[in-house]
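The values are calculated or read from the model by the stated rules, or taken from the named source; none is laboratory data. If you're wondering where the values come from, they're calculated on a predicted model, not measured in any experiment. Cβ coordinates were reconstructed from backbone atoms using ideal geometry, including for glycine residues, and neighbour counts include every protein chain displayed. All accessible areas refer to the heavy atoms of the entire protein, side chains included, with ligands and DNA or RNA removed. Shrake-Rupley method; radii C 1.70, N 1.55, O 1.52, S 1.80 Å.
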Amino acid sequence: MTMQSPAPAPDTLTPDTLTPDTLTPDTLTPDTLTPDTTVPPVERRADLVVIGGGLGGVAAALTAARLGLRVLLTESDPWLGGQLTVQGVPPDESRWVESHPNSASYAEFRELVREHYRRHAPLTPAAAADPRLNPGAGGVSRLCHEPRVGALVLEEMLSPYLSDGRVQWLREHEPVAVERDGDRVAAVRVRDRRTGVGMRLSAPLIVDATELGDLLELGGVDHVIGAESHQEHGELHAPEVADPLDQQAITWCCALEWAPGHEEPVPRPALYERFATVVADFWPGPQLSFTDVHPITLETRHRSLFVGDPAEQEETAPTNDLWHYRRVRSRALLDPSAPGGEITLVNWPQVDYWDRPLLGVGAEERALAEHEARQLTLSLVHWLQTEAPRPDGANGGRGYPELRLRGDVLGTADGLARQAYIRESRRIRARFTITEEHIGREMRGEFAGSAEFPDTVGTGHYRIDLHPSTAARTYVDIDCFPFQIPLGALIPTDVANLLPANKNIGTTHITNGAYRLHPVEWSIGEAVGALAAICRREGADPAAVHDSAELTGQLQGLLREELGVRLEWPEAIRRRLPEAEGSAA
């Protein structure tokens, strides 16, 4: 048989040059495709389309597949996991995450992470036998682990459904357009970031699980960005005047290893002088410093990189240092003969970037913000290696050259996370908006407890934690009660078949500070996946389920009885009674 050589590819593909010979994977690249190329998109249809593979997106796809639905899942990155993996942030969790888990599937994820380390890490016998193994012995969570391990475990959880076809995962696909038909989303168009090839995805229900609520803007869905005014919802800590550009700082995280004997200095970044000298009005000095602000009291504080031996476990090491806070590899838990050093994830106030917002601005402004956030993180690493004061007197008392970037645990070559850590998204105008009055301890009373919602579809807890913002506002870090996730906060007012499954639900700028964390995002996605199953079975839209006490009860029964989701807290925990504070062991 004679093989025919393909025709040479033109420099650019246009309608005039598209032929069977030129339309190949090698020619369909972002560099060769031009805006006027008219390539008919591939059509795909399923029971559920999930755009975004963060924790909410994975939970929605996993839940829907386990309930028998066919799911199309897209993610712009090669990894799944969003804030946990792609953005490089170990899980921020409720103090009751072990004793009162939010859901069986999130508990399953956590145990699979532990099992990964038991199978593959050179743990000491005591560490391997610990039922509550914390691989990094970090202080921020009872499960500090490497982002790459989180990505592996999430793919493992989806693996049976990827194999049987119930879930089709389109890697490195980003949404570029939303087709509307009245109050419905007819389809979402996505683009392969590697080839530029387009695809048209449709389903009875569409889920926006993107990190910034991309479908809300693309589809013209009514939404909010930034801070609402005090007058709008009566929130105690809301600003007097609404400001859409008042958005929480982003952070470009990195991984650092304590590696004596290895010197891999980061070159001085172009913006180093700026970050080493400029002082924000609400900050006590330049960010390249060990002096910062206590998030709750707003008092100036000083923290060291290490206090004592960096290889000590969190239980024995002082807690007022930076290193142990988000440590993800602890030498104390490993066999003494094992190679490699301590690793920590840098998500510290020193790398909170608050100069420019990401939302409500043009593409160039957003790209500049992301570039400067990366520059800030690289500047901090350079400062740590070369200029940071060193109490032990080594290296002339300045700099820690033993520190080196470990991009491999983040899946990058440059040592930084794959994407910036996003704390705030576009938020739907929902049927019901969760406000500070529903969960804030100061607004409700010391032991009043959170509001109880008859349409609860999940639970969560974290402080209302707002980092400094792009409006030159300092921390808003206030106590709140363990809360519920009301179904009404997941249903937009103006679109019949679109559901949010990330930080884009019906919260405010204030309450997003509590609902934005890892296990809550998972619970939101799980509720959305179960809601999709009810909608398919009953032939109903989400609003019809919400309007019907019977259907809402069916959804709650499915979540509680079949999926093992916690829909309410024990009364002592909900009200934060003194006896509940000791039940978090």
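What the table shows:
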| read-out | value |
| --- | --- |
| Residue list for segment 342-361, filter: in a loop (DSSP other than H, G, I, E, B), closer than 30 Å to T291 by Cβ, open to solvent by 10 Å² or more (accessible area, probe 1.4 Å) and not charged (D, E, K, R) | N347, W354, P357, L358 |
| Cβ pairs under 7 Å, 6+ apart, first in segment 212-241 and over 18 Å from R426 (Cα atoms) and without any contact (Cβ under 8 Å) to a residue 24 or more places away in the chain, second open to solvent by less than 70 Å² (accessible area, probe 1.4 Å) and part of a loop (DSSP other than H, G, I, E, B) | H230/A238; H230/P239; E240/S229; V241/S229 |
| Subset of segment 362-379 (residues that are in contact (Cβ under 8 Å) with a residue 12 or more places away in the chain and either farther than 24 Å from N504 by Cβ or not in a helix (DSSP H, G or I) (or both)) | E372, R374, Q375, L376, T377, L378, S379 |
| Condition check for L567: of a type outside the set (G, A, S), within 16 Å of G458 (Cβ to Cβ), touching a strand residue (DSSP E or B) at 6+ places or on another chain (Cβ under 6 Å) and modelled with pLDDT of 95 or more | yes |
| Residue, nearest to R189 (Cα to Cα), within segment 213-231, restricted to residues that are under 18 Å from the mean Cα position of the chain (by Cα) and open to solvent by 10 Å² or more (accessible area, probe 1.4 Å) | D214 |
| Strands (runs of 3 or more DSSP E) wholly inside segment 384-487 that include at least 3 residues being more than 28 Å from W79 (Cα to Cα) and in contact with a Pro (Cβ under 6 Å, 6 or more places away or on another chain) | none |
| Flag if A472 is at pLDDT 95 or above, closer than 29 Å to A203 by Cα and of a type in the set (G, A, S) | no |
| Test: residue in segment 382-394 that is open to solvent by less than 10 Å² (accessible area, probe 1.4 Å), closer than 17 Å to W252 by Cα and under 23 Å from the mean Cα position of the chain (by Cα) | no |
| Residue match in segment 91-108 (condition: in contact with a His (Cβ under 6 Å, 6 or more places away or on another chain), surrounded by 15 or more Cβ atoms within 10 Å (Cβ to Cβ) and not charged (D, E, K, R)) | yes |
| The lone exception for A369 - which of (1) within 22 Å of the chain's Cα centre (by Cα); (2) more than 28 Å from H302 (Cα to Cα); (3) modelled with pLDDT of 95 or more it fails | (2) |
| Options R118, R132, R114; residue that is open to solvent by less than 10 Å² (accessible area, probe 1.4 Å) and modelled with pLDDT of 95 or more | R114 |
| Residue under evaluation R193, criteria (1) touching a residue at least 60 places away in the same chain (Cβ under 8 Å); (2) within 30 Å of R406 (Cβ to Cβ); (3) open to solvent by less than 30 Å² (accessible area, probe 1.4 Å), criterion not met | (3) |
| Breaking point among (1) open to solvent by less than 50 Å² (accessible area, probe 1.4 Å); (2) within 25 Å of E217 (Cα to Cα); (3) of a type outside the set (V, I, T), for A332 | (2) |
| D455 being on the phi < 0 side of the Ramachandran plot, touching a helix residue (DSSP H, G or I) at 6+ places or on another chain (Cβ under 6 Å) and open to solvent by 10 Å² or more (accessible area, probe 1.4 Å) | yes |
| Residues (open to solvent by 20 Å² or more (accessible area, probe 1.4 Å) and in a loop (DSSP other than H, G, I, E, B)) located in segment 288-301 | S289, H294, P295, I296, T297, L298, E299 |
| Breaking point among (1) modelled with pLDDT of 95 or more; (2) in a loop (DSSP other than H, G, I, E, B); (3) of a type outside the set (S, T, Y); (4) more than 27 Å from the chain's Cα centre (by Cα), for W283 | (4) |
| Qualifying residue in segment 522-537 (condition: under 22 Å from H100 (Cβ atoms) and without any contact (Cβ under 8 Å) to a residue 40 or more places away in the chain) | no |
